[in-house]
Amino acid sequence: MTTDLLAPPTDLPELAQGLGNYIGGRWESDEAESFAAINPATGGELVRLPLSTRETARRAVAYAKAAQPAWARRSTWDRATLCASIGDAIAVATDDLAHILSMEQGKTLAEATAEVTATAHGFHMSAELVRYMTGEVQTGQTPDRLFLTQRHPRGVYAVITPWNYPVMIPGEYLAPAIATGNTVVWVPAQTTSLVAAALMRVIASVGLPEGLINLVLGQGAVVGDEIVGHEDVQGIGFTGSTRTGKSVAERGAGKPMLLELGGNGPVIVRRDADLDLAAQAAALGAFMNSGQICAATGRVLADSAIAGELAEKIAEIARSHQPGDPLHQGTTMGPLNNAAVVRKTREHVDEAIAAGARCLAGGHLLPDLGSDFFYAPTVLADVTPNMRVAREETFGPVVPIIALDGDDELLRVANDTDYGLTMSIFSRDMERALAMSTELSAGIININAHTVTWETHMPLGGASGTNSGIGRLGGRHTIEAMTEMRMVTIPAPKFAG
């Protein structure tokens, strides 16, 4: 089951050649249908990959199930050593992986390199954390029993990952899953399947037990749906849109799951804020990865006294950006990844302008840059809270600015959202900023920092009751989520006297 795929162009690293599904320790490509991996900067085809069926997904689950008991019995040190070896291998392959990532996803080479580096660190971090995973010994109500609590792997994990961070986010699930004794069936986003397969090749190069990690390429609505609902899958890890996340939650009802979903993070700017700092942070959060981040600057809520000045500062930053081919030196922003996100970005901006918003920068496609996926960094003033661009997750390089009167209005509009992932507050009055933070509903609140401020060992997740997900992803929090606590009681030792 190892027929050759169409070889990619010579400008792709050798690492990207001959890839397909990776199931039971073997590469496969003999599906009846295939799909194209596309370079969004040019619109050109990079390579064709197998379009997997539900049957393929079921075989992957079977391999993962067969491999899991033996892997769970391996010592923690063995599993940690493998994780560390994977981190080493990713670090060695950084340049090639970053090149493929930039070509297929569209982010700049600098951003791609940082992402791959963070992924290597993530595997090393899981290797260290799992060595110190602990339980407890407790006494009971009577002196003749001791109660032991231990962490055990859940079993087979279904992992479904998005296209905006197609190397780092898989690592955030794969590393803790295998470190804790689980096995994995991984379905990456279709539009970044090539870099996912390249990452899988690097991971497999260290020598994996058959069935430990299984990669299945194809449509999420087909193969992702199959693994999430499969009776032999015990846990689910999903990062993606809120709409798809709700479908995953319904399909996998009753299974432990980590869902990291959408956001519309407000940047709250009080009248006493450092406006240069706030403008730089809002722009960075909006334009990094072309705005394709769940924690991106979703909207800027500015006190009316400083909203105009702040808007001009952000617009100046937007106009200074150099969109273009992400592999070219000097490019500061690449294309959007796919036609759907281009369409949504255009709709949000056009509707806002038609409803009275003023476009201070951007607001249009950049068709002369090589494809239809380039959109200019955009700043909109005079936005109102009811506009779609202020209420939904645009996922494009757009900064909507809403002017409001005083702290109470800033807080009210910040919380008037279906999302609760990240928020930021800018103020020189730290006591007031801290007081305001207690009134906000979000999993992460950054004071005098952009909305994408986060580190891989820290907990990432949405506030309860919002559309931003379930659970916390990052460091020991994922380690704990991917294990279950068991209690064992034993007779208490008696002193012989």
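The values are calculated or read from the model by the stated rules, or taken from the named source; none is laboratory data. Here the structure is a predicted model, which is why all the values come from computation and not from measurement. No Cβ is skipped: glycine too gets one built from the backbone with ideal geometry, and neighbour counts run over all protein chains shown. Side chains included, ligands, DNA and RNA excluded: accessible areas come from the protein's heavy atoms. Shrake-Rupley method; radii C 1.70, N 1.55, O 1.52, S 1.80 Å.
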Query raised in the report: Is one or more of the residues making up the range 26-35 assigned by the TED database to the domain that holds Ile213 and under 22 Å from Asn182 (Cα atoms)?
Result: yes
Report summary line: Expected output for the range 27-43 (first residue over 25 Å from Val202 (Cα atoms) and open to solvent by 30 Å² or more (accessible area, probe 1.4 Å), partner in a loop (DSSP other than H, G, I, E, B) and at pLDDT below 95, Cβ below 6 Å, 6+ apart or cross-chain) is Thr42/Gly370
Query raised in the report: When Asn164 is evaluated against the numbered criteria (1) touching a Cys at 6+ places or on another chain (Cβ under 8 Å); (2) farther than 30 Å from Asp418 by Cα, which criterion, by number, is the only one it fails?
Result: (2)
Requested in this report: With a cut-off of at least 3 residues that are open to solvent by 10 Å² or more (accessible area, probe 1.4 Å), of a type in the set (A, V, I, L, M) and modelled with pLDDT of 95 or more, name the helices (runs of 4 or more DSSP H) lying wholly within the range 187-291.
Outcome: 275-287
Query raised in the report: In this structure, is Thr378 β-branched (Val, Ile, Thr) and in contact (Cβ under 8 Å) with a residue 60 or more places away in the chain?
Result: yes
Query raised in the report: Given (1) outside any loop (DSSP other than H, G, I, E, B); (2) within 28 Å of the chain's Cα centre (by Cα); (3) more than 28 Å from Arg343 (Cα to Cα), where does Gly465 come up short, assuming only one miss?
Result: (1)
Query - Filter pass, Ile447 being more than 25 Å from Ala340 (Cα to Cα), among the aliphatic types (A, V, I, L, M) and free of Cβ contacts under 8 Å to residues at least 60 places away in the same chain - result: yes
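Yes or no, residue by residue, for (1) open to solvent by less than 60 Å² (accessible area, probe 1.4 Å); (2) among the small types (Gly, Ala, Ser); (3) closer than 11 Å to Glu260 by Cβ:
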| residue | (1), (2), (3) |
| --- | --- |
| Glu455 | no, no, no |
| Ala463 | yes, yes, no |
| Gly469 | yes, yes, yes |
| Leu473 | yes, no, yes |
| His477 | yes, no, no |
| Glu484 | no, no, no |
| Met487 | no, no, no |
| Pro493 | no, no, no |
Query raised in the report: Which one is least open to solvent (accessible area, probe 1.4 Å), of the residues in the range 435-448 that are under 25 Å from the mean Cα position of the chain (by Cα) and among the β-branched types (Val, Ile, Thr)?
Result: Ile444
Report summary line: Those helices (runs of 4 or more DSSP H) completely within the range 332-434 that have 1 or more residues that are touching a His at 6+ places or on another chain (Cβ under 8 Å) and crowded, with 21+ Cβ neighbours inside 10 Å are 388-391
Query raised in the report: Looking at the range 233-269, which of its residues are more than 24 Å from Ile293 (Cβ to Cβ) and touching a Phe, Trp or Tyr at 6+ places or on another chain (Cβ under 9 Å)?
Result: Val233, Gln234, Gly235, Gly252
